[in-house]
Amino acid sequence: MRTGIGYDFHRLVEGRRLVLGGVEIDSPVGPEAHSDGDLLVHAVCDALLGALGRGDIGVHFPDTDERWRGARSLDFLATVRRLLDEDGYVVANIDTTVVLERPKLAPHFGAMRRAIAGALGIDPGAVNVKAKTHEGIGEIGQGRAAAATAVALIVKR
Ligand code: MG
């Protein structure tokens with residue numbers, strides 16, 4: 001068994017789509033990013049890459065590479081799935097928390113779990129998504145940024 005942890009943080013700006021866990025959510029602001037800025041999926045990628053001992057998302061999908069401009073982050077997970085497979089590991093479970101002031105994410109948890117699990121080829125029951133606000137405090141609380149954390153457990157096939 002191996003575990004990994006992932007964390008991501010993005011500034012939120014006007015004129016960007018808000019995609020979290022592969023699900024587009026209605027919002028006047030979205031993450032400033034090279035890819036689609038799906039910080040939940042980025043945290044999950046880092047948790048899995050960490051569990052594999054394979055570095056981080058910046059190593060595999062550098063933001064200096066034009067190939068990843070506007071990239072769909074769920075496609076990053078497809079690459080991580082291939083690495084898991086190469087190394088002979090399967091995902092036991094993934095747990096996540098998104099920290100975002102608004103909008104409420106609970107109505108989207110099911111779709112996010114299905115999208116993340118789908119990209120990894122695992123049961124949606126192995127993926128959990130939670131959300132918190134930042135109680136109006138700081139950059140996240142003011143709605144100018146969002147963060148996500150993830151932990152993953154992988155086991156040898
Ligand atoms: Mg990111």
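The values are calculated or read from the model by the stated rules, or taken from the named source; none is laboratory data. If you're wondering where the values come from, they're calculated on a predicted model, not measured in any experiment. Counting neighbours? That spans all protein chains shown, and the Cβs are built from the backbone with ideal geometry, glycine included.
Does the stretch 49-58 contain at least one residue that is small (Gly, Ala, Ser), under 14 Å from the mean Cα position of the chain (by Cα), within 16 Å of the ligand (Cβ to nearest atom) and assigned to a helix (DSSP H, G or I)? Show your work before the answer.
Within the stretch 49-58, the subset small (Gly, Ala, Ser) is 50-51, 53, 55, 58.
Those still in the list that are under 14 Å from the mean Cα position of the chain (by Cα) too: 50, 58.
Still in the running and within 16 Å of the ligand (Cβ to nearest atom): 50, 58.
From the residues that got through so far, the ones that are assigned to a helix (DSSP H, G or I) too are 50, 58.
Yes, some residue in the stretch 49-58 is small (Gly, Ala, Ser), under 14 Å from the mean Cα position of the chain (by Cα), within 16 Å of the ligand (Cβ to nearest atom) and assigned to a helix (DSSP H, G or I).
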Task: Among residues of the stretch 6-48, those that are surrounded by fewer than 18 Cβ atoms within 10 Å (Cβ to Cβ), charged (D, E, K, R) and within 11 Å of the ligand (Cβ to nearest atom), counted - done: 2
TODO: Search the stretch 122-146 for residues being in a loop (DSSP other than H, G, I, E, B) and in contact with a strand residue (DSSP E or B) (Cβ under 9 Å, 6 or more places away or on another chain), and hand back the single one that is surrounded by the fewest Cβ atoms within 10 Å (Cβ to Cβ).
DONE: ARG144
Task: Residue match in the stretch 93-116 (condition: of a type outside the set (D, E, K, R), within 16 Å of the ligand (Cβ to nearest atom) and out of contact with any strand residue (DSSP E or B) (no Cβ under 9 Å at 6 or more places or on another chain)) - done: no
Open item on the list: For the stretch 67-116, give me each residue that is under 13 Å from ALA47 (Cα atoms) and not in a helix (DSSP H, G or I).
Closed with: VAL91, ALA92, ASN93, ILE94, ASP95, THR96, THR97
Task: Any hit, the stretch 59-66, residues being modelled with pLDDT under 95, surrounded by fewer than 22 Cβ atoms within 10 Å (Cβ to Cβ) and either in contact with a Leu (Cβ under 9 Å, 6 or more places away or on another chain) or under 16 Å from MET1 (Cα atoms) (or both) - done: yes
Task: Given (1) out of contact with any Leu (no Cβ under 6 Å at 6 or more places or on another chain); (2) crowded, with 18+ Cβ neighbours inside 10 Å, number of the condition ARG69 does not satisfy - done: (2)
